[in-house]
Amino acid sequence: MKKRLQKTIGLITELDFWKTWWLLPSFLFSIAALVLTFFEFTQYKRTIFFAISVFSLLTLLVKIIKESGQKKIPLNIDGSEVVIESGDLFSYPRNMYKVIAFNEYFDTQVDNKIISENTLNGKYIKKYYPEEEQLQELDNRMIEDPRIQGKIINSNVSRRYGGKTVKYELGSIFKDKDYFLVAFSKFDQDNKANLKLNEYANCLIHFWNEVNTLYGQQTVVVPLLGSGITRHKDFNAKPHDLLEVMLWTFKISKVKFREPSKIIIVMLENNLKEVNYYRLKEFEKSGL
């Protein structure tokens, strides 16, 4: 309720919200004024303007209720369809690629020290690789995959608290069936995830280029990348800000998704309520 109230307040402070709402009432008032100029409906003048005023207020109320509770935002970014919605990434069908963010080592040890079982990649590993033998098989496929091995930047990293010792370029993708596992966050000596703004943007640009190589004209479902990183070193990581950077890097990467393929960005419902619909629509038209 609090999030929805905040979004409602945000809507009514947006100039573009009032501009789009006012189009219909202004048209009706103009038509009424024109008709009354040429025809003698003096006795109905107040009734007509009262009816238009009530109708306008009702459309305003409907618009506020509809947009403050919006669960899907469609955008067209330079010809590519991008849909922002709330949902469960694991619920999307197998004919869509789903993106799971890992750290720069592609760690797979879910022990609540290196990887938390509550994170998206922790849930992924527990869901599809619950047994040690299965997990070892995944690790072996990564080791043997020539494409991902071409992304190695350091193959002998000393890590104080354990984990894999091979570091990959941020944004690199390992394709695992209908999932794209992406090296997304940097780990410090204490195995704490962190990213600077320039690292975040460069990682996303590399990520979109990787997606362009691998997606094979299928829809790609992406979580709000970076939302699970609590230590953004030099920028304020609000959901809307992260979303804007994701869209901006997609735009400048020049990647094109043509029908029937598209990008779906999945967010938590609470995070989606913080998104400024009109700022996104402005970006759709002119960019950030």
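The values are calculated or read from the model by the stated rules, or taken from the named source; none is laboratory data. In this text the structure is predicted, and so the values were computed from the model without any measurement. Don't worry about glycine lacking a Cβ; one is built from the backbone with ideal geometry, like all the others, and counts go over all protein chains shown. These accessible areas exclude ligands, DNA and RNA; they are computed on the full protein's heavy atoms, side chains included. Shrake-Rupley method; radii C 1.70, N 1.55, O 1.52, S 1.80 Å.
Below, the figures for the structure above:
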read-out	value
Value of [θ]222 nm, deg cm²/dmol, for the chain, DSSP H segments ≥ 4, -39500 (n - 2.57) each, nearest 500	-14500 deg cm²/dmol
Distance (nanometres) between label positions extended 7 Å along Cα→Cβ at Ser53 and Thr37	2.2 nm
DSSP-assigned coil residues among trypsin sites (Lys or Arg not before Pro) in region 146-179, each with at most 10 further Cβ atoms within 10 Å	Arg160, Lys177
Total charge dipole magnitude, region 38-168, about the Cα centre, Cβ charges on Lys, Arg, Asp, Glu only, Debye to nearest 20	540 debye
Axial C-alpha extent at least 24 Å, average Kyte-Doolittle at least -1.0 - helices from the chain (DSSP)	15-38, 45-68, 197-214
Percent carbon-and-sulfur accessible area, the chain, ignoring ligands, DNA and RNA, probe 1.4 Å	55 percent
Reachable aspartates and glutamates from Lys177, criterion Cα separation under 16 angstrom, eight or more residues apart if same chain	Glu137, Asp139, Glu144, Asp145, Glu210
Net lengthening on full extension, Lys126/Asn212 (0.36 nm per residue, minus Cα-Cα)	28.1 nm
Accessible area per residue, Å², the chain with all protein chains present, probe 1.4 Å	54 Å²
Among the listed pairs Lys164/Lys254; Lys151/Lys281; Lys71/Lys175, those beyond 32 Å (Cα-Cα)	Lys164/Lys254; Lys151/Lys281
Shape of region 92-184, Cα gyration tensor, a/c cut at 1.5	oblate
Where labels lie 7 Å past Cα in the beta-carbon direction, separation of Ser158 and Asn202 in nm	2.5 nm
Length gained when the stretch Arg258-Tyr278 is fully extended (0.36 nm per residue, less Cα-Cα span)	4.8 nm
Within the chain: Cβ-based charge dipole about Cα centre, in debye rounded to nearest 20 (Lys, Arg +1; Asp, Glu -1)	780 debye
Rel. contact order, % - alpha carbon contacts under 8 angstrom, at least six apart, the chain	24 percent
Cβ-defined net charge surrounding Gly122, 14 Å radius [Lys, Arg +1; Asp, Glu -1]	+1
Relative contact order computed over region 95-194 (Cα-Cα under 8 Å; 6+ residues apart), in percent	38 percent
Loop-exposed GluC sites (Glu not before Pro) per DSSP, neighbour cap 10 Cβ within 10 angstrom, longest uninterrupted part of the chain	132-288
Cβ-based net charge around Glu81, under 14 Å, with every Lys or Arg adding one and every Asp or Glu removing one	+1
Fluctuation leader among Gly87, Gly171, Gly150 - the chain, Gaussian network, Cα springs under 10 angstrom	Gly150
Kirkwood Rh in Å, taken over all unlike Cα pairs in region 62-220	17.2 Å
For region 136-288: rounded, prolate or oblate by the Cα gyration tensor [a/c cutoff 1.5]	oblate
Exposed-site-free run, longest, the chain (rule: chymotrypsin sites (Phe, Trp or Tyr not before Pro); DSSP loop; at most 11 other C-beta within 10 Å)	162-288
Shape call, region 97-142: gyration tensor on alpha carbons, a/c limit 1.5	rounded
